[in-house]
Amino acid sequence: FNHLLKGTLPTPWRKFILAAIIGGNWWMLYLMNSSVASRCKFHENFANKPNHHEDHRTASCDPSNFLVMIKAGATRKYHTRREVWRNSTCPELYRNNSVRYRFMLGMPAHEMIDPASHNQHKRSNLDEIEDMGRLEKEASEYRDMEFLPLRDVYEDFYLKTLNMFKWAATIGMDDDTSMVVIHDDEYCFQPEILRGLCQDATSNNQSLYAGSYLWSEAAYEAQNGTDGSFSPYFSGNLYALDSWLIRSIAHDPRSPFATKTKALAEDVVAGKWVEDQGEKTDIRYAEEPSLIFEVNAEYYKTEDWFCEPIEKSSKCANEETNLGTFARPEDCAEEARSSQRCGENFQFSNDEPDLGCSCCVEGEGNLTIAHELWTTYALSNCTGDEQADEQYYYYNNDTISY
């Protein structure tokens, strides 16, 4: 290159240009090496510390640093449930404590998903279009809803929950967020109770996983993994995790694959997610029944019929047969009505529907035993009509009113 320039430019200019070219090449090599080192350092840090905070326990346990994600459905019947919650004491309790909350929804789904289908021209059906219009209007009015990029189907609820964690980690939380609470849409949590649990964990330099009922060992085969393992977990009606656990689970590449061994139940999978993070931090499992309470309306008229319990916190004294897994007691009652194996009564767990629904032994009347996770129903107490879609029942002092 010097030879080409010779004779065309004065010597001082030739030296200046050559120096600039050589210097530029060295600078580019430096930048390239720095970039490679930076990327290696990033991957090393990501593997060891998925949270961007140096110490995830420095955030204040004041309730104003809590984020609540309320599990909610996308179809029409769940609109009534949200209205019941919004008209309960929960929003005021959260506002008085500066607790942020959001209803978390996927997209409405009224048809079974065929994993083998490749119909690129398939459209939303009329029910789904109607639901989406209703959801857009509701979201615009209340501004307390978030929509996740998936179809809201019960069997995929653990994936919805993982998407909730990812939303919280990337959008919902800020640097001051200390705790994230996940609960069903008929419950609320007590901020001051969680503050105390958070402070206890922080003072001991622990991460916190809390809830109202802890499954510390398996009581049913479905709670075990296919490999025989069991991961302690809190019932899905309400549980809370500190912000480090949320970020760590959201970014852990193992999280989507937990159901290789675990059942699809969201709370069971959450227990596995938390257990995996125990490799990186000391985790406190804090069981506190007073952390949770039900809203004023315990049961909702969401379908063309409704099952009133005959006894809460109870189960059949003797079970006849397990009818399978159902989302609601009304679904179980429909199966029981058509089964010759069932009598009048059946048991269902509203907190743990994945435990299944069972018929009680016929001829034993209302013979039950106490169990806080189950509720006993009678087929004769399941009633309703097609006009009841938008109604819900309030249970106050054992009196029903509309």
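The values are calculated or read from the model by the stated rules, or taken from the named source; none is laboratory data. Keep in mind that what you see is a predicted model, and the values were worked out from it rather than measured. Note that each Cβ is placed from the backbone with ideal geometry, even for glycine, and that neighbours are counted across all protein chains shown. With ligands, DNA and RNA removed, areas are computed over all heavy atoms of the protein, side chains included. Shrake-Rupley method; radii C 1.70, N 1.55, O 1.52, S 1.80 Å.
Taking the listed residues ASP200, ASP227, the one that is assigned to a helix (DSSP H, G or I) and farther than 19 Å from ILE70 by Cβ is ASP200, with no other qualifying. Residue count for the stretch 295-316 satisfying the condition of being at pLDDT 65 or above, surrounded by 16 or more Cβ atoms within 10 Å (Cβ to Cβ) and either in a loop (DSSP other than H, G, I, E, B) or among the charged types (D, E, K, R) (or both): 3.
Considering only residues that are of a type in the set (Ser, Thr, Tyr) and touching a Ser or Thr at 6+ places or on another chain (Cβ under 9 Å), which ones fall in the stretch 190-230? Spell out how you get there, then give the answer.
Step one: list which residues in the stretch 190-230 are of a type in the set (Ser, Thr, Tyr), which gives 202-203, 207, 209, 212-213, 216, 220, 226, 229.
Residues satisfying the conditions are THR202, SER207, SER212, TYR213, THR226, SER229.
Every condition in (1) assigned to a loop (DSSP other than H, G, I, E, B); (2) open to solvent by less than 50 Å² (accessible area, probe 1.4 Å) holds for VAL269 except the one numbered (1). Could you please let me know if GLU128 is in contact (Cβ under 8 Å) with a residue 12 or more places away in the chain and surrounded by fewer than 16 Cβ atoms within 10 Å (Cβ to Cβ)? Here the answer is no, as GLU128 does not meet what is asked.
Do we find a residue being open to solvent by 60 Å² or more (accessible area, probe 1.4 Å), more than 16 Å from SER349 (Cβ to Cβ), in a helix (DSSP H, G or I) and at pLDDT 95 or above anywhere in the stretch 178-191? Steps first, please.
Step one: list which residues in the stretch 178-191 are open to solvent by 60 Å² or more (accessible area, probe 1.4 Å), which gives 190.
Subsequent filtering for residues that are more than 16 Å from SER349 (Cβ to Cβ) retains 190.
Applying the additional criterion that residues be in a helix (DSSP H, G or I) yields none.
There is no residue in the stretch 178-191 that is open to solvent by 60 Å² or more (accessible area, probe 1.4 Å), more than 16 Å from SER349 (Cβ to Cβ), in a helix (DSSP H, G or I) and at pLDDT 95 or above.
The single condition among (1) outside any strand (DSSP E or B); (2) modelled with pLDDT of 85 or more; (3) open to solvent by less than 20 Å² (accessible area, probe 1.4 Å) that GLN347 does not meet is (1). Report yes if some residue within the stretch 381-391 is part of a loop (DSSP other than H, G, I, E, B) and modelled with pLDDT of 80 or more; otherwise report no. No, that holds for no residue.
Of all residues in the stretch 130-153, how many are of a type outside the set (A, V, I, L, M, F, W, C) and touching a Gly at 6+ places or on another chain (Cβ under 9 Å)? Full working, then the answer.
First, the residues of the stretch 130-153 that are of a type outside the set (A, V, I, L, M, F, W, C): 130-131, 133-134, 136-138, 140-144, 146, 149, 151-152.
Now narrow it down to the ones that are touching a Gly at 6+ places or on another chain (Cβ under 9 Å): 146, 149, 151-152.
The qualifying residues number 4.
Scanning the stretch 140-173 for residues that are open to solvent by 30 Å² or more (accessible area, probe 1.4 Å), at pLDDT 95 or above and not in a helix (DSSP H, G or I) yields a count of 3.
Within the option set GLU334, GLU372, being assigned to a strand (DSSP E or B) and either on the phi < 0 side of the Ramachandran plot or modelled with pLDDT of 80 or more (or both) holds for one residue only, GLU372.
Taken over the stretch 359-374, the criterion of being open to solvent by less than 50 Å² (accessible area, probe 1.4 Å) and in contact with a helix residue (DSSP H, G or I) (Cβ under 9 Å, 6 or more places away or on another chain) is satisfied by CYS359, LEU373, TRP374.
Any residue in the stretch 217-234 that's within 17 Å of SER349 (Cβ to Cβ): show its pairings with residues that are loosely packed, with under 13 Cβ neighbours inside 10 Å at Cβ separation under 9 Å, as long as the two are six or more apart or on different chains. Sorted first by the residue in the stretch 217-234, then by its partner, the pairs are GLN223/GLU217.
If I filter the stretch 238-247 for residues that are buried (at least 22 other Cβ atoms within 10 Å of the Cβ), closer than 30 Å to THR383 by Cβ and in contact with a Ser or Thr (Cβ under 9 Å, 6 or more places away or on another chain), do I get at least one hit?
yes
Which residue is least open to solvent (accessible area, probe 1.4 Å), if the candidates are limited to the stretch 203-216 and must be in contact with a helix residue (DSSP H, G or I) (Cβ under 9 Å, 6 or more places away or on another chain) and in a loop (DSSP other than H, G, I, E, B)? Of everything passing the filter in the stretch 203-216, SER212 is least open to solvent (accessible area, probe 1.4 Å). Restricting attention to the stretch 88-99, the residues being out of contact with any helix residue (DSSP H, G or I) (no Cβ under 8 Å at 6 or more places or on another chain) and either touching a residue at least 60 places away in the same chain (Cβ under 8 Å) or at positive phi (or both) number 3.
Considering the conditions (1) surrounded by 21 or more Cβ atoms within 10 Å (Cβ to Cβ); (2) in contact with a Leu (Cβ under 9 Å, 6 or more places away or on another chain); (3) assigned to a loop (DSSP other than H, G, I, E, B); (4) not β-branched (Val, Ile, Thr), ALA219 is excluded by exactly one of them, (1). Can you confirm whether the stretch 242-256 contains a residue that is at pLDDT below 95 and among the acidic types (Asp, Glu)? Within the stretch 242-256, not a single residue is at pLDDT below 95 and among the acidic types (Asp, Glu).
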